[in-house]
Amino acid sequence: MHKATHHKKRANGHAHFHRDFAGLKKALTDAGIDVKSKAGEMLLHTYNDMQGASSDMKEQVTDYIVDRPYKSLGIALLSGVVLGFLLRK
């Protein structure tokens, strides 16, 4: 009879293990989905911030060129000469 009790306890222990394992698996799956969701939200937020900053920067550059056309042309020419010099060597 001692053997039968031992097998019942062992079977009961396996059932608890499988139930605990299933609960752990579900918790990890739910956490993974939550992490993916949060990462997607952060990526979208960062993209929107970058898009706004890019738009602001484009507007500032356009205003600078309109306000100082000769200085802008000089900067562009000098940049081209320096870049050409560096690439030539």
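Bear in mind that the values in this text are calculations on the coordinates, not laboratory data. Computed from a predicted structure; not experimentally measured. Here Cβ is always computed from backbone atoms with ideal geometry, including for glycine, and neighbour counts include all displayed protein chains.
Using the Cβ-Cβ distance between Met57 and Asp20 with R0 set to 41 Å, the FRET efficiency works out to roughly 0.15. For a paramagnetic label modelled on Asp67 (point 7 Å from Cα along Cα→Cβ), amide N atoms under 14 Å away belong, within region 38-60, to 57-60.
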